[in-house]
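Novice: Structure provided below as structure tokens; questions to follow.
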Amino acid sequence: MINGIKDFSNHKPILGTCAGIILMSKQANDKRIYNFGLLDITMQRNAYGRQVHSFEGKISVNYLNSSKDIKALFIRAPKIKEIGKDIEVFATFKNEVVGVKQGMHIGITCHPELLDETFIHDICFKKYR
């Protein structure tokens, strides 16, 4: 499965939300996790606390001349701790980076899709349709 995902990532964009961005990162400070290294970022798992600390918040998304505040769920959400030089930041929450893009790959630390929010999908993958 790992080789299949790596092969797929060479030709198609991947969007990783929450745990997905952890897997896409180059490092997650947890030796139990296989990191694909698709995004030049370092992650901290469960940075906001346990499941009972999950919450809904508004994130600011700015990408391709589009800007919008959208709702998202933070469920045992990770935080981006370090960002590499080729990373493009496109979403923030209270001055913290929550959404990044590198090449055709996108990662976000929260779940806008669980609130039927498709703005990120719409603007980030527009050219791949």
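The values are calculated or read from the model by the stated rules, or taken from the named source; none is laboratory data. Computed from a predicted model, the values in this text were never measured in an experiment. Cβ sites come from the backbone with ideal geometry, for glycine too, and all protein chains shown count toward neighbours.
Novice: For region 1-59, give me the residue count where each residue is among the basic types (Lys, Arg) and farther than 18 Å from Gln102 by Cβ. If you could, list the steps in order and put the result at the bottom.
Specialist: So the first thing to find is which residues in region 1-59 are among the basic types (Lys, Arg), and the list is 6, 12, 26, 31-32, 45, 50, 58.
So of that shortlist, the ones also farther than 18 Å from Gln102 by Cβ come out as 31-32, 45, 50, 58.
Final tally of qualifying residues: 5.
Novice: Okay, moving on. Could you look through region 44-67, keep only residues that are in contact (Cβ under 8 Å) with a residue 40 or more places away in the chain, assigned to a strand (DSSP E or B) and not aromatic (Phe, Trp, Tyr), and pick out the one that is nearest to Ile87 (Cα to Cα)?
Specialist: Result: Val61.
Novice: Among the residues of region 59-78, how many are out of contact with any Leu (no Cβ under 9 Å at 6 or more places or on another chain), surrounded by 17 or more Cβ atoms within 10 Å (Cβ to Cβ) and not small (Gly, Ala, Ser)?
Specialist: Of the residues in region 59-78, the ones out of contact with any Leu (no Cβ under 9 Å at 6 or more places or on another chain) are 59-69, 74, 76-78.
Then keep just the ones that are surrounded by 17 or more Cβ atoms within 10 Å (Cβ to Cβ); that gives 59, 61, 63, 74, 77-78.
Next, from what is left, pick out any that are not small (Gly, Ala, Ser): 59, 61, 63, 74, 78.
Number of matching residues: 5.
Novice: Confirm whether Ala28 is in contact with a Lys or Arg (Cβ under 9 Å, 6 or more places away or on another chain), under 11 Å from Ile108 (Cα atoms) and of a type in the set (A, V, I, L, M, F, W, C).
Specialist: Working: in contact with a Lys or Arg (Cβ under 9 Å, 6 or more places away or on another chain): yes; under 11 Å from Ile108 (Cα atoms): no; of a type in the set (A, V, I, L, M, F, W, C): yes.
So Ala28 fails the test.
Novice: If Glu117 passes every condition in (1) within 26 Å of Lys6 (Cα to Cα); (2) touching a residue at least 40 places away in the same chain (Cβ under 8 Å) but one, which one does it miss?
Specialist: (1)
Novice: Report yes if Tyr34 is at pLDDT below 95 and either assigned to a strand (DSSP E or B) or farther than 17 Å from Cys110 by Cβ (or both), otherwise no.
Specialist: Working: at pLDDT below 95: yes; either assigned to a strand (DSSP E or B) or farther than 17 Å from Cys110 by Cβ (or both): yes.
Spelling it out, Tyr34 is indeed at pLDDT below 95 and either assigned to a strand (DSSP E or B) or farther than 17 Å from Cys110 by Cβ (or both).
Novice: Residue by residue through region 84-112, note down the ones that are within 12 Å of the chain's Cα centre (by Cα), in a strand (DSSP E or B) and free of Cβ contacts under 8 Å to residues at least 60 places away in the same chain. Can you show your working first?
Specialist: Of all residues in region 84-112, those within 12 Å of the chain's Cα centre (by Cα) come to 87-92, 97-102, 105-112.
Still in the running and in a strand (DSSP E or B): 88-92, 97-102, 105-108, 111.
Those that are within 12 Å of the chain's Cα centre (by Cα), in a strand (DSSP E or B) and free of Cβ contacts under 8 Å to residues at least 60 places away in the same chain: Glu88, Val89, Phe90, Ala91, Thr92, Val97, Val98, Gly99, Lys101.
Novice: List the number of the failed condition for Leu15; all other conditions in (1) free of Cβ contacts under 8 Å to residues at least 40 places away in the same chain; (2) out of contact with any helix residue (DSSP H, G or I) (no Cβ under 6 Å at 6 or more places or on another chain); (3) under 24 Å from Ile2 (Cβ atoms) hold.
Specialist: (1)
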